[in-house]
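For reference, the structure discussed in these notes is given below.
The values are calculated or read from the model by the stated rules, or taken from the named source; none is laboratory data. Computed from a predicted model, the values in this text were never measured in an experiment. Note: ideal-geometry Cβ built from the backbone for every residue, glycine included; neighbour counts use all protein chains shown. We work out accessible area using only protein heavy atoms, side chains counted, and drop any ligands, DNA or RNA first. Shrake-Rupley method; radii C 1.70, N 1.55, O 1.52, S 1.80 Å.
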Amino acid sequence: AEEVGGGDKEVVREYFNNSGFQRWKKIYGETDDVNKVQRDIRLGHSKTVENVMAMLTDEGPLKGVTVCDAGCGTGALSIPLAKEGAIVLASDISAAMVAEAKKQAEEQLSADSEGAGPVMPKFEVNDLESLNGKYDTVVCLDVLIHYPQSKADGMIAHLASLAEKRLILSFAPKTFYYDLLKRVGELFPGPSKATRAYLHAEADVERALQKVGWKIRKRGLTTTQFYFARLIEAVPA
Ligand code: SAM
C-alpha cells in the first residue's frame, strides 16, 4: 500500500485542491445541494466542532490563547476559535482549502465599531509535518484518516512537540471498522476514489502519545449514521 509521505500525500493534496475541495466545501457549508449522506456527515462534523469548542472553553476563556489548527479545511473550527478571542494559525496542505477558510473568515469576523474584535487567524499553506513554533493548544480534526498508523505515530509526535498545554485530535475509530468499511465508499465516492481512508485504533493513538510523554485526559465520541469520530484531548503526562 502507498503511504503518506510518499505517493499518498501528493494524492491527498491533489484531491483536496480539486474534487475533494468541491465535495468538502459543500459538506462543511450551509447550502442545500447536499445528499442525505453528505447532510449526515455535515451534522456529525458540526457536532465534533461543538465538542472541541466545549473541551477548550471548559479550561477557561480562549482570549489570547494560541491555537494551531492543523489541517484547517474551510475554517470550521478556526473561525469559532477566533470569535472566542484565540490567536489562531490555520494551516492546511491544500491551497484551495486555505483560500476558502480565509474568505469565510473575512466574511464572518468583522471588527466592531470601536475597531476591537476577533483577531483574524493567520492562514498558511503547509503540510503539518512542516509546521513549527509553539502553541498553547494544537488541534487536528479529521485529518488522521489520511494517515496509515505507521505514519500517524510520527505525525502525532510532531503535533505534540508544537503544543505546550494540550493536543486535541479526532479520528475514525477502528472499533467501527466493519461498519465503516461499508461506508468508506460514501466518504470518497465517484471517479476520484483517489484517497484511501485509514481507521485508527484508540490504543495505537494512545501509545503514540505515551511514547512522547503525553497522556489522554478527556475522550469524546461523535456518531451519526455515516460519521464516526473519536475525539481525544491529550496533555503532558
Ligand atoms: N480539520 C478540518 C475540519 O475538521 O473542518 C478539515 C477536515 S478535512 C476531512 C481534512 C483536511 O486535512 C483537508 O482540508 C486536507 O487538505 C487536510 N490534510 C490532509 N493531509 C494533510 C497534511 N499532511 N497536512 C496538512 N493538511 C492535510
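Every residue in region 38-71 that is aliphatic (A, V, I, L, M) and in a loop (DSSP other than H, G, I, E, B), please.
Step one: filter region 38-71 for residues aliphatic (A, V, I, L, M), giving 41, 43, 49, 52-56, 62, 65, 67, 70.
Those that are aliphatic (A, V, I, L, M) and in a loop (DSSP other than H, G, I, E, B): LEU62, VAL65.
For residues that are away from the ligand (no atom under 11 Å from the Cβ), open to solvent by less than 50 Å² (accessible area, probe 1.4 Å) and either in a helix (DSSP H, G or I) or of a type in the set (A, V, I, L, M) (or both), tally how many sit in region 127-151. Steps first, please.
We begin by selecting, within region 127-151, every residue away from the ligand (no atom under 11 Å from the Cβ); these are 132-138, 148-150.
Okay, now just the ones that are also open to solvent by less than 50 Å² (accessible area, probe 1.4 Å), so 133, 135-138, 148-149.
From the residues that got through so far, the ones that are either in a helix (DSSP H, G or I) or of a type in the set (A, V, I, L, M) (or both) too are 138, 149.
Result for region 127-151: 2.
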Verdict on PRO236 being modelled with pLDDT under 95 and either within 16 Å of the ligand (Cβ to nearest atom) or of a type outside the set (A, V, I, L, M, F, W, C) (or both) = no
Note: among LEU187, LEU231, just one is open to solvent by less than 50 Å² (accessible area, probe 1.4 Å) and at pLDDT below 95, namely LEU187
Region 124-151, subset touching a Cys at 6+ places or on another chain (Cβ under 8 Å) and not polar (S, T, N, Q), residue farthest from VAL205 (Cα to Cα) | GLY133
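Filter region 17-44 for residues that are within 9 Å of the ligand (Cβ to nearest atom) and either farther than 26 Å from GLU233 by Cα or open to solvent by less than 20 Å² (accessible area, probe 1.4 Å) (or both) and give the result. Working first, answer last.
Taking region 17-44 first, the residues within 9 Å of the ligand (Cβ to nearest atom) are 17, 20-21, 24, 27-28.
Answer for region 17-44, where residues must be within 9 Å of the ligand (Cβ to nearest atom) and either farther than 26 Å from GLU233 by Cα or open to solvent by less than 20 Å² (accessible area, probe 1.4 Å) (or both): ASN17, GLY20, PHE21, ILE27.
Go through region 75-106 and give me each residue that's within 8 Å of the ligand (Cβ to nearest atom) and under 23 Å from ILE232 (Cβ atoms). Working first, answer last.
The initial filter retains those residues of region 75-106 that are within 8 Å of the ligand (Cβ to nearest atom), namely 75-77, 91-94, 97.
Result: GLY75, ALA76, LEU77, SER91, ASP92, ILE93.
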Is there a residue in region 66-74 that is surrounded by fewer than 21 Cβ atoms within 10 Å (Cβ to Cβ), closer than 21 Å to ALA234 by Cβ and in contact (Cβ under 8 Å) with a residue 24 or more places away in the chain?
-> yes
Scanning region 152-170 for residues that are out of contact with any Asp or Glu (no Cβ under 8 Å at 6 or more places or on another chain), farther than 15 Å from HIS200 by Cβ and open to solvent by 10 Å² or more (accessible area, probe 1.4 Å) gives SER161
